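These notes concern the structure reproduced below.
The values are calculated or read from the model by the stated rules, or taken from the named source; none is laboratory data. Small disclaimer: the values here were computed from a predicted structure and weren't measured. Don't worry about glycine lacking a Cβ; one is built from the backbone with ideal geometry, like all the others, and counts go over all protein chains shown. Ligands, DNA and RNA are stripped out before the accessible areas are found, and what is left, the full protein with its side chains, is counted by its heavy atoms. Shrake-Rupley method; radii C 1.70, N 1.55, O 1.52, S 1.80 Å.
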Amino acid sequence: MRSGLPPHRLTFAFQLLVTLLACAFLMVPAGASILAGFTVSYFRGPSSGLTLNWIGEVLNLYSGTIALSIAIALGTLGVTLLLGVPAAWALARRPSRLSRLVEEVVTLPVAIPGLALALALILAYGGFRDFRMSPLFILTGHVLYTLPFMLRAVMAVLAAVDVRTLEEGAASLGASPLQRFFHVVVPNARGGILAGALMVVTLSIGEFNLTWMLHTPLTKTLPVGLADSYASMRLEIASAYTLVFFVMIVPLLVALQVFGRATSGGTK
Amino acid sequence: MTAASGAAITVSGCGKTFADGTRALTPLDLKVRAGETLVLLGPSGCGKTTLLRLIAGLETPDAGGRILFDGVDVTALPIEKRNVGMVFQSYALFPNMSVVDNVAYGLRVRGVGPAERRAQAAGVLEMMRIGQLSERRIDQLSGGQRQRVALARALAVRPRAILLDEPLTALDAALREHLRGEIDALLRRLAITAVYVTHDQAEALALGDRIVVMRNGAIAQVGTPREVYFQPADDFVADFVGITNRLDGAVKGGRFATEAGIVPVAGPDRPVARLLFRPEAARLCPPPEAGLVFEVRQVEFQGARQRVILAGTGGVRIVAEAPADMLLAPGAAVGLILDPARIALV
Amino acid sequence: MTAASGAAITVSGCGKTFADGTRALTPLDLKVRAGETLVLLGPSGCGKTTLLRLIAGLETPDAGGRILFDGVDVTALPIEKRNVGMVFQSYALFPNMSVVDNVAYGLRVRGVGPAERRAQAAGVLEMMRIGQLSERRIDQLSGGQRQRVALARALAVRPRAILLDEPLTALDAALREHLRGEIDALLRRLAITAVYVTHDQAEALALGDRIVVMRNGAIAQVGTPREVYFQPADDFVADFVGITNRLDGAVKGGRFATEAGIVPVAGPDRPVARLLFRPEAARLCPPPEAGLVFEVRQVEFQGARQRVILAGTGGVRIVAEAPADMLLAPGAAVGLILDPARIALV
Amino acid sequence: MHSADRLARLFLLPLFLFVAAFFVLPLVRLVGVAGAGPNGLAEYVAILTNPRHLATLVATLLLSAAVTAATLAAGTVVALFLARNRFPGRALLVSLLTLPLAFPGVVVGFMVILLAGRQGLLSSLSMSLGLGRWVFAYSMAGLFAGYVYFSLPRVLVTLMAAAEKLDPALEEAARSLGAGRLEVLRDVTLPGIAPALMASGAIAFATAMGAFGTAFTLATRIDVLAMTIYTEFTLNANFATAAALSLALGAITWAVLALARNFAGSGVAAAG
Amino acid sequence: ADAICYNCPPEWADWGGMLKAIKADLGIDVPQDNKNSGQSLTQIIAEKASPVADVAYLGVTFGIKAKDAGVTQPYEPKGFADIPAGLKDPDGNWFTIHSGTLGLFVNKDALGKTPVPACWADLLKSEYKGLVGYLDPTSAFVGYVGAVAVNGALGGTLDDFRPGIEYFRKLQANQPIVPKQTSYARVVSGEIPILFDYDFNAYRARYSDMGNFVFVIPCEGTVVVPYVMSMVKGAPHPEAAKKVLDYVLSDKGQGMWAKAYLRPARNIELPKDVASRFLPASDYARAKPVDYAKMEAAQKAFSEAYLNAVK
Ligand SMILES: Nc1ncnc2c1ncn2[C@@H]1O[C@H](COP(=O)(O)OP(=O)(O)OP(=O)(O)O)[C@@H](O)[C@H]1O
Ligand SMILES: Nc1ncnc2c1ncn2[C@@H]1O[C@H](COP(=O)(O)OP(=O)(O)OP(=O)(O)O)[C@@H](O)[C@H]1O
Ligand SMILES: [Mg+2]
Ligand SMILES: [Mg+2]
């Protein structure tokens, strides 16, 4: 039933132009980077020939960062699920002043620049060497940064599906609070949890602002490696590395999109 | 499956003030008899849902209030311990479970094994004549089907009472009328204690063994449908359960005299009197035949009949009914004959 | 303010197939007379909204279709040039403007100065008796108030026709009935051409000068409310505008014989015949007095009267009405007398 | 439902502890460090009294404002276009436009170098057109491009959702009252998506204020606050100044978000 | 990992090869690390309470700073005595492992038709617009070395940075690229055609990456600077750290630096083929050492002045 304004030729042309320009702005560099990752010499262009050597080199030099990033992302996901889902339920249950305050505090890390957050973490915990040197240090930062996204995503579905009434229904049938949480709340918040999970993994894999300060030579994540390679490696290697990053993150993003569309009730 | 006749419920001195200071209920007393269908009727915001939720155990009454089931104080018991069935306006069916799993859920949390509980749930679904929907997902059901599943789910645990909060409001008019009949028949057959919340007077009149008319968090009248319709306790109840016409005048010598004419009545003389009657108590006729004469203001064709709005001098406004084939033109004069058995003088 | 009597609208050969291939309307012709209220009535998805949007200029008809206002072809004119007022089901009031700014908006885009347009808008609001709401924000209005503002906004530009798409559906029953009367009076007073979409037969019967009953993108019948109610073109129309009882039997010697008994009828003999009547055409009486006898299945107290569901042999189900004071017990036998003037044999 | 209240408290406890230990405590520590530097509490006003820091702050604010404006302008046009039109390939276009959503700042910086560096696409293009060499990756313009790159997908997602949700009846109503295209845009469409504009604008602004990865990758003498903090921190280990500047940056960003949330209702942070 | 080195970047001074050799010969796994000198020192100071790093590789002034900050511990590796005085802390808090000469690292292909510059002053010509890069003198050690070199060459002293700062101020008109981290690859790729950088990077590009690269020792003169290593105070793996430090100063280690075109700290014989690849000694005559302690002392004032003047 939507139609809005029927297409008007000039408006349409202008909007289309802007859209295509925006798309080009976003996609052309990405495409160039992918191409560069395969060319023998970017300086001479694709005519210099195509090669998989750069990719090989990246895997050789940086496979550790890739593995670490995946591990940290999964760890972050686990922690945010454990901390976030029950808390989201508790916060969404009865909107009170306290819950608003908690929400505000928990979402604050989004507002505060990662650099500052990392600085604060280092100043507070940099002295605990084992913690400082383990990937848990980075994981802590990532949890701090991604938790609001998990919370928001879950709270949004909880509000949308009126879990409150579902819980009352279950209660009337004799279910205890814990049973209600596992039988009714979690299954019906699935959509939000999944969306939140995808978001958390995506953000964690790409996180740089915090990680740059938090990492040690032993705990280098993919984006830190990327920054290294941008600064000190050949453009081709940096490009190949970026390509590897794309390969990891793009499926997540696509899933996020497909999923977002499916849960938001569908775009007609 | 037939549920045993339910518990008698006593609400004693229960008021409810919400955290934000809203006084939803002033302390009130109410008895629901075992096995009866009690309808809570009243305008939006009068506290019907709040009262129902107090009975259910979803809210706690203000200090001093007590709820008793069969004489046992359950005020401190949370809802999951009260064994009541609830049907919500939105049905609150679990979207993550199939129809039969929804219905079996109450048995599941009671520790009944999978086979056994599915069998019992299937029995209830059969009773509601929706056995064929067992394996459907909730979002594959129509509104009416959901309504039936919600009822089946509430009944499957053999509750001591069933509490329904506007269970038909979400449906369209035709379906509402149909299901109203079905629910009536079911509650009568099971003879289960039922408390039924609605703001629709037609539903209340059709379903209730007794009706509690509520207003501003208090009880305005309790009585059978005929009592509240024919002997309303006050103007509010009279207007809420149906249209009421009012004529002001005086009684003298067995005749009620008003600006529009004269009506024969029984009773002593009174200098100031008000005559009350419902639309169906009046019959339209040509002016010469009647003691009361009005001007036709507006005619609304309703198919089965016509609703006629009449105007008298001094802003009097009367709603009457006429057969569909009667010719009535706005502006014309028309007579009104009242059924003496169905008028009230106050 | 009184709008001038509106334009006559002609819809000629207008079909509508959507881009996705849905055929919402098969090409149809329709004339709306200047000043009349034409109601489009039909079940969900039958194409009412589509037809209304074609008239408004929000959709273009398939090739060959034409829309004329007072004989002038406006098919190619977009809605903003057609000068029609629209009232949407959701009201579509601008949330970023106050009530008076909403109503004045049409004048604003026509270049009327601020003082002038506020004065005019205030006039329309007064006419709708909501002058005191002028400065409110939209989200501070109740449903009924929004409805009135939407109507005021559409009327403020003195449109050539006013198009209403289920303007009352979003409201609750009591308010709907009340506003229905108000809209009827208003449209009659302004004598503006109005096309009114609804799926509620009571609304259609009450409001329409003429009713267009639609089905599956086509017109099933056009006629006055009485015509469609008393002379439905087919079973679909008969059922859609009210409850219809059906008895199967045979006519022989001026008597219609069915399993439940006998009804005197006029007309020739017929081996297979069906008798149609609406609930209000039948009167209940003790069994000995009547030719037709049924069993009472269910009784529903409605205040003004009782609705009675009767059952005959062979699964026949009849809906009848009885006065509120008649004693009827489920299971009892009851006689039925039909008004010979209000039965139909097919 | 007392039992449920108890469970809720139990469920909040781990979150509470985590946030207290790893957010509140470190932040308090940061405040302490900033105040404990050689200049004491004066460190907090350094951002205003030190002309270099003040200039950086102003530049950062201006850049962020420009990024916000540009992103919103482009985002609005694109979002309305995509919400209104259905055509083959639309889904792909939407995917492409929102794909860079989670590219970290470093990658975005790299994209800018590929686009506008000395050997970037624009440079080759302008060279082959004989227009000289266009290189702006290493200037404020490069950072501007990077932040727009970073924010555009986010803004688009929010605006598209808002445009989709906009009741088409509102625009139809305006047209039925005689409003032309631009009037509908001005009076109905833009006010309708105003909350989304606020929300996504706030996010774009906040990101531009605090993002570090892009500036780091472009790594030229770009005077933005995040870079200054980094330099202060790595140069002479000037912890106090870095901490004070961080806190100032955090406070400004948070204030902008809070303000926007006030106007736009909740959900502002979720868009990030 | 068995030991942590801060600022051991694989693309710099062939640390990549060195780390591999350490792993192979000592069995000690040292991960590569891309911090610059400033960042490394900051981290070490921040982690003072419980250090992460065992050793750090620093530009000489940062070595001096580290000692002053009290985050180093004295260690005299084998061969310490061979290091000339002035190039080491007498107690072994820092000691030079190799040194380089600052000049212009030029990618001739990327330069196109523009001539290879011969002097610092050439770079101010408008034909070099967009072609010049130097590391941030306030963050990277190389950057500061560049500033000292230019300043000295143009008549300034460590007490008077005005000529140098004036030069950088003028250079801004040519829109230089000013990265914060070593940018070898960007020169190789042509992104930065002319970079203020060390001779060893340029030779490596020319002879290992086989490109059309040249190194220029500007006509006005330049400086030689040592790179030092320190052992971190409270190093978590002191034994491994010591072995690593011994190794880089050993004959084998020093030989490896030489093969990477760095001047070894100990006076060992340069292999013939390597020696022939350096610019002629006449050019190197223009490269002078400076007072590194003074250079360190002047750094802060210089940074302030630079930040305020160059925008
Ligand atoms: N949780 C609550 N907090 C504060 N006030 C409440 C709460 N629940 C209900 N109220 C208020 O208490 C009053 C009674 O509400 P209740 O829901 O019982 O009315 P109702 O009769 O069920 O109305 P409706 O027919 O609209 O459902 C209303 O004024 C309502 O706004
Ligand atoms: N934009 C559209 N694109 C495709 N199909 C449409 C569109 N609009 C309506 N339809 C279809 O056309 C048919 C008629 O729709 P229309 O909205 O006119 O029905 P209606 O009679 O107004 O129904 P309702 O009472 O539910 O509003 C329906 O099958 C509907 O799904
Ligand atoms: Mg209620
Ligand atoms: Mg419709």
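Chains D and A together bury roughly 8300 Å² of accessible surface, counting both sides and using a 1.4 Å probe on protein heavy atoms.
Which angle between 0 and 90 degrees, to the nearest 10, do you get for helix A:190-206 versus the longest principal axis of chain A when only C-alpha atoms count? Roughly 30 degrees between the two axes.
In order along region E:101-106, phi translates into HN-Hα couplings of 10, 7, x, 10, 9, 10 Hz, rounded to whole numbers, per the Karplus curve 6.51 cos²θ - 1.76 cosθ + 1.60 with θ = phi - 60° and x for Gly and Pro. As a calculated quantity, the FRET efficiency between A:ALA255 and D:ASP167 at R0 = 35 Å, using C-beta atoms, amounts to about 0.70.
Among A:GLY84, A:GLY141, A:GLY31, the residue with the largest mean-square fluctuation in a Gaussian network model of chain A, with springs joining Cα atoms closer than 10 Å, is A:GLY31.
State the Cα centre-to-centre distance between region C:227-271 and region D:193-265 in whole Å. If you average the Cα positions of each part, the centres end up 81 Å apart. Derived scalar couplings between HN and Hα for region D:42-56 equal 4, 4, 5, 8, 4, 4, 9, 8, 7, x, 5, 5, 5, 4, 4 Hz in order, rounded to whole Hz, by the Karplus curve 6.51 cos²θ - 1.76 cosθ + 1.60 (θ = phi - 60°), x for Gly and Pro. Summary of the geometry: region A:46-109 and region D:1-46, compared by the centres of their Cα atoms, lie 21 Å apart.
The trypsin sites (Lys or Arg not before Pro) of region A:32-109 that DSSP puts in a loop, and whose beta carbon has at most 16 other beta carbons within 10 Å, are A:ARG44. Taking every residue in B:250-260 and counting other chain Cβ atoms within 10 Å of its Cβ, the average works out to 0. Computed on protein heavy atoms with a 1.4 Å probe, the accessible areas place D:GLU43, B:GLU295 in the order B:GLU295, D:GLU43, largest first. Across all directions, the average flat footprint of the convex hull enclosing the Cα atoms of the protein assembly as shown is 68.7 nm².
May I ask for the Kirkwood hydrodynamic radius of region A:9-51, worked out over all distinct Cα pairs and given in angstroms to one decimal?
Taking the inverse mean of 1/r over all distinct Cα pairs, region A:9-51 comes out at 12.0 Å.
Measuring with a 1.4 angstrom probe and ignoring ligands and nucleic acids, C:CYS285 comes out at about 10 Å² accessible. If R0 is 30 Å, the Cβ-Cβ spacing of E:LYS129 and E:ALA301 corresponds to a FRET efficiency of close to 0.50. Per residue, chain A reaches -26000 deg cm²/dmol at 222 nm when only DSSP H runs of four or more residues are counted, each adding -39500 (n - 2.57). The spacing between region B:16-81 and region C:81-110, judged by their C-alpha centroids, is 45 Å. For region E:169-179, backbone phi angles converted through the Karplus equation (6.51, -1.76, 1.60; θ = phi - 60°) give residue-by-residue couplings of 4, 5, 5, 4, 4, 8, 6, x, 8, 10, x Hz, Gly and Pro being listed as x.
GNM remark for chain A: springs join alpha carbons under 10 Å apart, and the peak mean-square fluctuation among A:MET233, A:MET199, A:MET213 falls on A:MET233. If you take the alpha carbon atoms of chain A and fit the smallest convex hull around them, that volume is 187 Å³ per residue. Of A:TRP54, A:TRP89, D:TRP134, the order by accessible heavy-atom surface (1.4 Å probe, DNA, RNA and ligands excluded), from most exposed downward, is D:TRP134, A:TRP54, A:TRP89.
Take each residue of peptide B:303-309, count the partner chain Cβ atoms within 10 Å of its Cβ, and average: the result is 5. Calculated translational diffusion coefficient of region A:12-96 (10 °C, 1.306 mPa s; Stokes-Einstein with Kirkwood radius over alpha-carbon pairs) equals 90 µm²/s.
Restricting the calculation to alpha carbons of chain B gives Rg and Dmax of 24.5, 77 angstrom. For the pair A:LEU35 and A:LEU218, label points projected 7 Å from Cα toward Cβ lie 4.4 nm apart. Derived from the Cα gyration tensor, the three semi-axes of the equivalent ellipsoid of region C:245-345 are 24, 13, 11 Å, largest first. With a 1.4 Å probe on protein heavy atoms only, work out how much accessible surface D and C bury together, total over both chains, in Å² to the nearest 100. So the buried area, both faces added, is about 1700 Å². The simple Förster model, with R0 at 30 Å and r as the Cβ-Cβ distance, assigns E:ASP251 and E:ALA85 a FRET efficiency of 0.90. Expressed as a whole percentage, what fraction of the accessible surface of chain B belongs to carbon and sulfur atoms when a 1.4 Å probe is rolled over the protein heavy atoms? Exposed carbon and sulfur together represent 53 percent of the surface. With both labels modelled 7 Å from their Cα along Cα-to-Cβ, the D:SER128 to D:ARG9 distance reads 7.0 nm. Largest first, the extents of the alpha carbon coordinates of region E:1-89 on the three principal axes equal 34, 32, 22 Å.
In this rough spin-label picture, where each label sits 7 Å from Cα along the Cβ direction, the A:LEU16-B:ARG33 distance is 7.6 nm. Per-residue mean of foreign Cβ neighbours for B:319-329 is 2 (Cβ atoms of other chains, 10 Å radius). Diagonalising the gyration tensor over the Cα atoms of chain D and scaling each eigenvalue by 5 before taking the square root yields semi-axes of 36, 30, 18 Å, largest first.
Of B:ASP29, B:ASP200, E:ASP2, which has the most accessible area and how do the rest follow, probe 1.4 Å?
From most accessible down to least: B:ASP29, E:ASP2, B:ASP200.
Secondary-structure-derived ellipticity at 222 nm for chain C, considering helices only, amounts to -7500 deg cm²/dmol, per-run term -39500 (n - 2.57) for DSSP H runs with n ≥ 4.
A cut-off of 5 Å between modelled amide H atoms, ignoring neighbours fewer than 5 places along the same chain, links E:VAL224 with E:LYS288, E:VAL290.
Between A:ALA227, A:ALA13, A:ALA120, where does the largest GNM mean-square fluctuation fall for chain A, given springs only between Cα atoms within less than 10 Å? The residue that fluctuates most here is A:ALA13.
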